[in-house]
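See structure below.
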Amino acid sequence: MQSSRKIARLRKGLALVTAAVIAVFGAMHGRATLDWLENRTADFRASHKANPANADRGIVLIDIDNASFQALTADLGRWPWTREVWTRLLKYLAPGKPRMVLFDVLFTGSEPAADAGFAQAIAEVGPVLLPFAFTASHAELNSEASPPEKALVEVPGPFWGPELLAQDWMLNVPTAELARAMTGSGSILGGADADGVTRRLPLVQRYRGKTYATYWLAAALRARDVHGVTFRPGSFRAGAVEIPIDSRGNFVPRWNGTPANAYRRIPLMEMVCSLQPEICGPNVHRHAPSEFAGKIVLIGASAAGSYEVRPTPVAESAPGMFVLATAIDNLLNGGAVRETPRWLGWLIIAILCAIPAFLVGTWREIAVPILLSGVILGAYGALCFHLYGRGYWLPMMVPMIAAVVSLGGCTAYRYFTTDRELAKTRHTLEAYVSPQLVSYVMDNLESIRFDGQKRRLTILFSDVRGFSTISEHADPVRILEQLNEYFEAMTDIVFKHDGILDKFIGDGLMAHWGAFTPDRPNAELAARAALEMIEKLAELNRKWESEGRTRFDIGVGLNTADVIFGNVGAGKKLDFTVIGDGVNLAARLEGANKEYHTHIIISEFTLSELGARAQVVPLGDIVVKGKTVPVAIYELKGLAG
């Protein structure tokens, strides 16, 4: 009962510790306190799960890379180059009939000598989209510029996205002539997190009461020939494509590789050489217009100093057209990552925190909860990686940190409460019983009582005959060393046969069997221990004689009876022992060895437990002092088998 109460108190304490950890980390999860750490792990998952094979092969990038930039700047001058370059490029692409052409270049301000030709080329090629930009400004402005009308998007129902105040933003928009020629437009407003990494992208923005599409959304709507979009809690729909969004209307793109390998990249210099074969050598790769048939062509720059660096989970410095290509890919193919709702994060925290508490409260050896918790957390981490590759972002760091804290807190609580009590109990038991039996007792504390119970035990008393006379004629130090050697040998025998050493009584000892192991053949174990004591003493006597020491002779008494076992005493003085008439009889049998000139005497009750295996010599009856009923006694000579 006492052990059950201890376990109940332990489990109640573990539950309180776990509840506190869940409350703390649940609040941190709700307030996004550790989202910066979660984002870092998401970046790691995104980069390791990025698979270029999943990228849309219908998206092609014409890249102003470093080599192209250096080669053309010598002829074209400083960036930005004249729009005649883009006019010639569009006219070259037109026969190939690309699905759509997007420039990741802002065309603000006029270029009178080139704008008319550029606008005509835009109109002739087909669907050509030009971006506009919101530029943050802290000055008090009163700009009359407005976003292009072709960037407007229909959003029936609730609006999910940022509300941009006119006084906070400046507008960089295409010239009126280019705006009339282009098919569509969208903003290239970035959606970087607080640490500057682009992990989430907006879909629309509201400005001066109107809703404008982002550049990637405008491209996707044009590619799908969709005009209206629908926002719902947790999702965004544009035609047949639906992607998950967060509470602010942003989506988490799935990154299909790095800027170097996700999408096909064609250096601008190769396109120039395709336009003017005569200016390039024969080894430069050329591209026919037919290569771009049905493709979404993005024209942008990756050359150092020619674009705004956009850190992403898969690249510390990515060009804007890579982010644009990835966003369009996600919107066309429904490839965005779904973040789990907050309530699911709380549930995962609760489950992962409860597991260590359960393990700590179930297993006695603390190594088992630590090992199993590590395996479970490792499996959960692997699950987070696996599901991210399938488009599901499970919260990873907060639940795992919470589980580790829960394991540490529960382990510390158990150590400072139950484990210290158990260590004290173990230390006490080790003075009485064998290590194997200690382990058995500690593993079965719930079913073992120490507060006094009647149990059927076999009690053994042994005593050194004539020890007082021996000690009178021997050196006290030497005789004490000899006695300790004798006790050590006898104790080992008691422990070997799973007995409990009750106490040393002067030059004698008391042991018993069956207090913790009622299902074992305790009388036989006690009898074998008694026989081995006699054999061991003979061995010790031969050794002592060779050393010039005095021989010992002992008597052993065994009795089996129902006695009281447990802690006897009160206050600070408790004795872990057995009491009862059966104990007195065992002590009387030990002393009777002197009268009968024997070494081991057992009672009829012990003999009935031993059965026919016992090799005995009847000695008659004996009456214990204070009793009237005689008890048959026998000299034990051996045990069959």
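The values are calculated or read from the model by the stated rules, or taken from the named source; none is laboratory data. Everything quoted here is computed from the prediction, not taken from an experiment. Note: ideal-geometry Cβ built from the backbone for every residue, glycine included; neighbour counts use all protein chains shown.
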Hits in the stretch 203-232 - residues which are touching a helix residue (DSSP H, G or I) at 6+ places or on another chain (Cβ under 9 Å) and aromatic (F, W, Y): Y207, Y212, Y215, W216
Residue that is surrounded by the fewest Cβ atoms within 10 Å (Cβ to Cβ) [pool: residues in the stretch 158-186 that are in contact with a helix residue (DSSP H, G or I) (Cβ under 6 Å, 6 or more places away or on another chain) and in a strand (DSSP E or B)]: G184
Among residues of the stretch 80-133, those that are out of contact with any helix residue (DSSP H, G or I) (no Cβ under 9 Å at 6 or more places or on another chain) and β-branched (V, I, T), counted: 1
Condition met for V309 (under 30 Å from I243 (Cα atoms), crowded, with 20+ Cβ neighbours inside 10 Å and out of contact with any Asp or Glu (no Cβ under 7 Å at 6 or more places or on another chain)): no
Residue under evaluation E532, criteria (1) at pLDDT below 95; (2) in contact with a His (Cβ under 8 Å, 6 or more places away or on another chain); (3) among the acidic types (D, E), criterion not met: (1)
Qualifying residue in the stretch 283-296 (condition: closer than 24 Å to A194 by Cα and part of a helix (DSSP H, G or I)): no
Hits in the stretch 488-500 (condition: assigned to a helix (DSSP H, G or I), surrounded by 15 or more Cβ atoms within 10 Å (Cβ to Cβ) and modelled with pLDDT of 90 or more): A489, M490, T491, I493, V494
Which numbered condition D75 fails, given (1) without any contact (Cβ under 8 Å) to a residue 24 or more places away in the chain; (2) surrounded by 15 or more Cβ atoms within 10 Å (Cβ to Cβ); (3) acidic (D, E): (2)
Checking S434 against (1) crowded, with 20+ Cβ neighbours inside 10 Å; (2) modelled with pLDDT of 95 or more, the condition it does not meet: (2)
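One line per residue, one yes/no per condition, for (1) at pLDDT 95 or above; (2) outside any strand (DSSP E or B); (3) under 28 Å from K454 (Cα atoms); (4) among the small types (G, A, S):
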| position | (1), (2), (3), (4) |
| --- | --- |
| I479 | no, yes, no, no |
| N484 | no, yes, no, no |
| D502 | no, no, yes, no |
| M510 | no, no, yes, no |
| A515 | no, yes, yes, yes |
| E545 | no, yes, no, no |
| A561 | no, no, yes, yes |
| V568 | no, no, yes, no |
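Mind checking which strands (runs of 3 or more DSSP E) fall wholly inside the stretch 582-641 and carry at least 1 residues that are out of contact with any Phe, Trp or Tyr (no Cβ under 9 Å at 6 or more places or on another chain) and surrounded by fewer than 20 Cβ atoms within 10 Å (Cβ to Cβ)?
614-622, 631-639
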Within the stretch 78-108, considering residues that are among the aromatic types (F, W, Y) and crowded, with 16+ Cβ neighbours inside 10 Å, the one nearest to P289 (Cα to Cα): Y92
Number of the exception - T108 against (1) in contact (Cβ under 8 Å) with a residue 40 or more places away in the chain; (2) in a strand (DSSP E or B): (2)
Scan of the stretch 575-631 for residues that are within 23 Å of F565 (Cβ to Cβ), charged (D, E, K, R) and in contact with a Gly (Cβ under 9 Å, 6 or more places away or on another chain), ordered by number: D575, D581, R588, E590
